[in-house]
Amino acid sequence: MTKDFGPDAYNELYAYDYWGRNDPATVPYRRLFRRVANIVRQNSIKNVLEVGCGSGVLAEMLIESGASYHGFDFNSIAIEKARTRNGIDKHYVADATDPASYTHDYDGIVCCEVLEHINNDLQTIRLWKPGTFCVCSVPNFDYPTHVRFFCGESEIIERYSKLLNIKKIERLAKSPAAVLTWPMYFRHLRWARNNPKRFVALLGINQFNWHGGWFIFTATRR
């Protein structure tokens, strides 16, 4: 287990003007965010608290779907961008491991791409109100800021089932071309010609295992 990174470690990510879109999360994670927003809507969760809201891309989708929303992140640059996107009253700077972060009323928790960054992820979940409907995502791939990642559903159940009554786990593959223009996509295909798994994943085959993706799980806090 490695030490989790502090808020300043993400300053460059959120300050970077990503492909002119001024948002590092917009393109690669939009597929994930759309699915999570649909789950919230399908389960009629009206009062949502997002743990680790980043720059507010998922928040925008949740608000557009009619949810009453608040979200926090421990990075102030991310919160500044989220406030610009969705309104200053929707977002605040806070730490997921601090009980004081959960003062807003909520009946649903959304926590996407956060738990794998926190050493004390179990303590974080303990702060969520019992009976709360939760939608979470964790990756199946490693990254410099990841404390852990998950190779299969059984690992998620083993780690979280004592705190969460997990109802469903689904897999969502990353889009191989999500952050690429078409010329760059074809260039990546050419570069991958000597790496069969990478090449096949770029074609959309077995993307989850060979290109990476997310486990999305819905649960109720015990």
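Within segment 185-214, restricting attention to residues that are small (Gly, Ala, Ser) and under 18 Å from the mean Cα position of the chain (by Cα), which residue is nearest to VAL110 (Cα to Cα)? Talk me through it step by step, then tell me what you get.
Filtering segment 185-214 down to residues small (Gly, Ala, Ser) leaves 192, 201, 204, 212-213.
Of the ones still in play, those that are also under 18 Å from the mean Cα position of the chain (by Cα) are 212-213.
Details: GLY212: 21, GLY213: 18 Å.
Here the residue is GLY213.
Can you say whether ASP121 is under 24 Å from ARG35 (Cα atoms), of a type in the set (D, E, K, R), surrounded by 19 or more Cβ atoms within 10 Å (Cβ to Cβ) and out of contact with any strand residue (DSSP E or B) (no Cβ under 8 Å at 6 or more places or on another chain), as far as the supplied structure shows?
Criteria met by ASP121.
Tell me which residues, restricted to segment 203-222, are in a strand (DSSP E or B) and of a type in the set (Val, Ile, Thr). Break it down into steps so the answer makes sense when it comes.
Here is the first cut: in segment 203-222, the ones in a strand (DSSP E or B) are 213-221.
Selection gives ILE216, THR218, THR220.
In segment 136-158, is there at least one residue being in a strand (DSSP E or B), touching a residue at least 24 places away in the same chain (Cβ under 8 Å), farther than 20 Å from PRO99 by Cα and of a type in the set (S, T, N, Q)?
Taking segment 136-158 first, the residues in a strand (DSSP E or B) are 136-139.
From what is left, the residues that are touching a residue at least 24 places away in the same chain (Cβ under 8 Å) are 136-139.
Those still in the list that are farther than 20 Å from PRO99 by Cα too: 137-139.
Add one more test, that the residue is of a type in the set (S, T, N, Q), and what stays is 137.
Yes, there is a match, as at least one residue in segment 136-158 is in a strand (DSSP E or B), touching a residue at least 24 places away in the same chain (Cβ under 8 Å), farther than 20 Å from PRO99 by Cα and of a type in the set (S, T, N, Q).
Per-residue answers, yes or no, for (1) within 20 Å of LEU58 (Cβ to Cβ); (2) of a type in the set (A, V, I, L, M, F, W, C):
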site: HIS104; (1), (2): yes, no
site: ASP107; (1), (2): yes, no
site: GLN123; (1), (2): no, no
site: ASP142; (1), (2): no, no
site: GLY152; (1), (2): no, no
site: ILE157; (1), (2): no, yes
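With respect to LEU49, determine if the residue is surrounded by 19 or more Cβ atoms within 10 Å (Cβ to Cβ), touching a residue at least 40 places away in the same chain (Cβ under 8 Å) and in a helix (DSSP H, G or I). Spell out how you get there, then give the answer.
Working: surrounded by 19 or more Cβ atoms within 10 Å (Cβ to Cβ): yes; touching a residue at least 40 places away in the same chain (Cβ under 8 Å): yes; in a helix (DSSP H, G or I): no.
In short, no.
Restricting attention to segment 127-176, report how many residues are surrounded by 12 or more Cβ atoms within 10 Å (Cβ to Cβ), among the hydroxyl-bearing types (Ser, Thr, Tyr) and out of contact with any Phe, Trp or Tyr (no Cβ under 9 Å at 6 or more places or on another chain).
Looking only at that region, the number is 2.
Only one residue in ARG171, ARG198, ARG187 is of a type in the set (D, E, K, R) and at pLDDT 85 or above, so which one is that?
Numbers: ARG198 fails: at pLDDT 85 or above; ARG187 fails: at pLDDT 85 or above.
Going through ARG171, ARG198, ARG187 in turn, just one is of a type in the set (D, E, K, R) and at pLDDT 85 or above: ARG171.
So in segment 99-118, with the set limited to residues that are part of a loop (DSSP other than H, G, I, E, B) and buried (at least 20 other Cβ atoms within 10 Å of the Cβ), which one is nearest to the chain's Cα centre (by Cα)?
Initial filter on segment 99-118 (part of a loop (DSSP other than H, G, I, E, B)): 103-107, 113-114, 118.
Checking which are buried (at least 20 other Cβ atoms within 10 Å of the Cβ) leaves us with 106, 113-114, 118.
Numbers: TYR106: 19, GLU113: 3, VAL114: 6, ILE118: 13 Å.
Only one residue tops the list, namely GLU113.
Out of the residues in segment 62-82 that are outside any strand (DSSP E or B) and at pLDDT 95 or above, which is surrounded by the fewest Cβ atoms within 10 Å (Cβ to Cβ)? Don't jump to the end; show me each part of the working.
Going through segment 62-82, the residues outside any strand (DSSP E or B) turn out to be 62-67, 74-82.
From the residues that got through so far, the ones that are at pLDDT 95 or above too are 62-63.
On the way: LEU62: 26, ILE63: 19.
The selected residue is ILE63.
Which one of the conditions (1) surrounded by fewer than 24 Cβ atoms within 10 Å (Cβ to Cβ); (2) closer than 13 Å to CYS136 by Cα; (3) modelled with pLDDT of 95 or more does VAL36 fail to meet, given that it meets all the rest?
Of the numbered conditions (1) surrounded by fewer than 24 Cβ atoms within 10 Å (Cβ to Cβ); (2) closer than 13 Å to CYS136 by Cα; (3) modelled with pLDDT of 95 or more, the odd one out for VAL36 is (1).
What about PHE217, is it closer than 28 Å to PHE5 by Cα, crowded, with 17+ Cβ neighbours inside 10 Å and under 19 Å from the mean Cα position of the chain (by Cα)?
Numbers: closer than 28 Å to PHE5 by Cα: yes; crowded, with 17+ Cβ neighbours inside 10 Å: yes; under 19 Å from the mean Cα position of the chain (by Cα): yes.
Spelling it out, PHE217 is indeed closer than 28 Å to PHE5 by Cα, crowded, with 17+ Cβ neighbours inside 10 Å and under 19 Å from the mean Cα position of the chain (by Cα).
When the residues of segment 26-46 are filtered to those that are among the β-branched types (Val, Ile, Thr) and assigned to a loop (DSSP other than H, G, I, E, B), which remaining residue is nearest to GLU80 (Cα to Cα)?
In the first step, residues of segment 26-46 are kept if they are among the β-branched types (Val, Ile, Thr); the result is 26-27, 36, 39-40, 45.
Now drop any that are not assigned to a loop (DSSP other than H, G, I, E, B), which leaves 26-27, 45.
Values: THR26: 16, VAL27: 19, ILE45: 26 Å.
It comes out as THR26.
The values are calculated or read from the model by the stated rules, or taken from the named source; none is laboratory data. These numbers come from a predicted model, not from an experiment. Ideal geometry is used to build each Cβ from the backbone, glycine not excepted, and the neighbour counts take in all protein chains shown.
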